[in-house]
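J.: Dropping the structure in here first, questions after.
The values are calculated or read from the model by the stated rules, or taken from the named source; none is laboratory data. Here the structure is a predicted model, which is why all the values come from computation and not from measurement. Neighbour counts run over all protein chains shown; Cβ positions are idealised from the backbone, glycine included.
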Amino acid sequence: MLDRDSLLRRAELLRRQKRYKDAEREVGVVLQLNPEDVEALIILGHCKIDTKKLDEAITILKQCLQFDSSKDYVFYLLAFANYQKNDNIKALSFLREALSIFPFNAGYFALAAHIHIENKEFQLALDAANQGLSFDAENISCLNARSTALFRLNKKAEAHDTISEALSIDPENYITHTNYGWHYLEKGKHKEAANHFRESLRINPNYEYARHGYKSSLKAKLIFYRWLLQVNLWMSNKNKNVRISLILGLWLLFTIISSVSEHSRWHSVGEIAVLLYFVMVIFSWLGNSLANLYLLTTPHGKYILSHQEKWAARMVGICISLCLIGLSYCELFAVNYLFVPLVIGGMSFIFNELAYPLIPFKGNNRIVLGYTTLLLGIVCCIFSFFNISIAERVSIAYILLFGLFIWTGSMRGNNYI
């Protein structure tokens, strides 16, 4: 006769060993005997979460609640699955249910803290982490959340002490090393950050957050990227409305400086301000790919960059190089075709966002717009050799579509660091 408890213990052990198919097979035997076995459904739902089948997990776990709504762990798993789906509102709702049933689990508070950090609610995150630590003073997830919240609240000494405590408790925790790395990056110490990211990747080579941090620490050797990184990390601590206000305010400031200085003795100041603004905009969009282009020349960089990042960097580099060559040619030989190299330079913004390998006119509306703009740019460049009048007309259409492409990207709030 089949022993239900033995099957479930074996299934849970297999799940912890990441042998998910074997675990599901053991659970399936139990569910054949009793489709309403809640403990079996919980293990099955957990397997689905671990294998990123989140919708299936949520369906199974909600089924558990129909049979027994008193299990706090089911609500926690539902919270975690929704958190993985970036639905923080539902995640917090399920967490509240879990905590109302059992308010003494540090892990539940740790998840709440991490959700509040994503929502930029740093004081709430700190409160949740502290509550969790009151039940388990050595909970690594709570300590990591606490250090991040403290750092965001500009309590850097306390943050450093907390992350050091987490590392002393578990020196082999890759998440702690990753958080340590990001803390160092925010301080502008890219060498120390790289050491922690390397250690994190040694422990878990597949942890993308550490990989992203390691790439950022390597690129931070470049002065312009270091500045962009600091600005981006500072902006990331602000909510959406503050970020939009800062961007619009900066644009308005440069516009006012340019207008006031245009008809005064400070005319050169206005020109410098406009130039600085355009340089800042260009680097905020293309800085990541330009830094990746540098990484391609380094021993470690070319291995850590993805296929997408490598090709985006190459295409951006080619477009900018051709643009600079074209501008130099126009200047040296007094050729009045400046719009052609500028069109080529504009293409770098589009190549920066396309997926590689290129599949023309496949993707969402914005990607189709990008390909259409690229086609007009290529037509403009070709006709510049044969009929400059047609090339100029095409360039007008190109500029309009290019402006729309940039505007839609800005509205999406892309992050290019």
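J.: Within the range 141-157, take every residue that is among the hydrophobic types (A, V, I, L, M, F, W, C) and not in a loop (DSSP other than H, G, I, E, B) and give me the one that is farthest from the chain's Cα centre (by Cα).
T.: Ala157
J.: I'd like the residue in the range 73-120 that is of a type in the set (Val, Ile, Thr) and either more than 20 Å from the chain's Cα centre (by Cα) or not assigned by TED's automatic domain parsing to the domain that holds Ala40 (or both) and, out of all such residues, is farthest from Asp50 (Cα to Cα).
T.: Among them, the one singled out is Ile101.
J.: What's the number of the only condition in (1) under 28 Å from the mean Cα position of the chain (by Cα); (2) free of Cβ contacts under 8 Å to residues at least 40 places away in the same chain that Leu332 fails to meet?
T.: Going through the list (1) under 28 Å from the mean Cα position of the chain (by Cα); (2) free of Cβ contacts under 8 Å to residues at least 40 places away in the same chain, Leu332 breaks only (1).
J.: Among the residues in the range 200-210, are any at pLDDT 90 or above, surrounded by 15 or more Cβ atoms within 10 Å (Cβ to Cβ) and not in a helix (DSSP H, G or I)?
T.: Checked against the condition, which is being at pLDDT 90 or above, surrounded by 15 or more Cβ atoms within 10 Å (Cβ to Cβ) and not in a helix (DSSP H, G or I), the range 200-210 yields at least one hit.
J.: When you go through Lys90, Lys48, Lys52 one by one, which is the residue that is part of a helix (DSSP H, G or I), of a type in the set (Lys, Arg) and surrounded by fewer than 19 Cβ atoms within 10 Å (Cβ to Cβ)?
T.: It is Lys90.
J.: Counting only residues that are surrounded by fewer than 19 Cβ atoms within 10 Å (Cβ to Cβ) and among the small types (Gly, Ala, Ser), which one in the range 126-151 is farthest from Ser164 (Cα to Cα)?
T.: The extreme case among them is Ser134.
J.: While we're looking at this one, here's another question. If you check Ile163, Ile169, Ile175, which single one turns out to be farther than 29 Å from Ser70 by Cβ, under 18 Å from the mean Cα position of the chain (by Cα) and at pLDDT below 95?
T.: Ile175
J.: Looking at Glu172 and the list (1) within 30 Å of Lys302 (Cα to Cα); (2) part of a helix (DSSP H, G or I), which single condition is not satisfied?
T.: Failing condition for Glu172: (2).
J.: Of the residues Ser6, Ser70, which is in a loop (DSSP other than H, G, I, E, B) and over 34 Å from the mean Cα position of the chain (by Cα)?
T.: Details: Ser6 fails: in a loop (DSSP other than H, G, I, E, B).
Only one candidate qualifies: Ser70.
J.: Something else: Checking Thr59 against (1) part of a helix (DSSP H, G or I); (2) surrounded by fewer than 22 Cβ atoms within 10 Å (Cβ to Cβ); (3) touching a residue at least 12 places away in the same chain (Cβ under 8 Å); (4) not small (Gly, Ala, Ser), which single condition isn't satisfied?
T.: Answer for Thr59: the failing condition is (3).
J.: Exactly one condition in (1) assigned by TED's automatic domain parsing to the domain that holds Ile396; (2) at pLDDT 80 or above is false for Asn292; which is it?
T.: (1) is the only condition that Asn292 fails.
J.: Of the residues that sit in the range 9-21 and are surrounded by 15 or more Cβ atoms within 10 Å (Cβ to Cβ) and free of Cβ contacts under 8 Å to residues at least 24 places away in the same chain, which one is nearest to the chain's Cα centre (by Cα)?
T.: In the first step, residues of the range 9-21 are kept if they are surrounded by 15 or more Cβ atoms within 10 Å (Cβ to Cβ); the result is 10-12, 14-15, 19-20.
So of that shortlist, the ones also free of Cβ contacts under 8 Å to residues at least 24 places away in the same chain come out as 10, 14, 19.
Working: Arg10: 37, Leu14: 32, Arg19: 29 Å.
Top of the filtered list is Arg19.
J.: Residues that are in a helix (DSSP H, G or I) and either of a type in the set (S, T, N, Q) or under 22 Å from the mean Cα position of the chain (by Cα) (or both): does the range 336-347 have at least one?
T.: no
J.: Restricting to the range 1-20, what's the tally of residues that are over 19 Å from Gln32 (Cα atoms) and of a type in the set (S, T, N, Q)?
T.: Of the residues in the range 1-20, 1 are over 19 Å from Gln32 (Cα atoms) and of a type in the set (S, T, N, Q).
J.: Here's something else I'd like to know. Restricting the search to the range 332-366, which residues are under 16 Å from Ser284 (Cα atoms) and surrounded by fewer than 19 Cβ atoms within 10 Å (Cβ to Cβ)?
T.: As a first pass, look at the range 332-366 and keep what is under 16 Å from Ser284 (Cα atoms): 345-353.
Hit for the range 332-366 is Glu353, nothing else.
J.: If you check Phe351, Phe383, which single one turns out to be without any contact (Cβ under 8 Å) to a residue 40 or more places away in the chain and farther than 23 Å from Phe224 by Cβ?
T.: Checking each option against the conditions leaves just Phe383.
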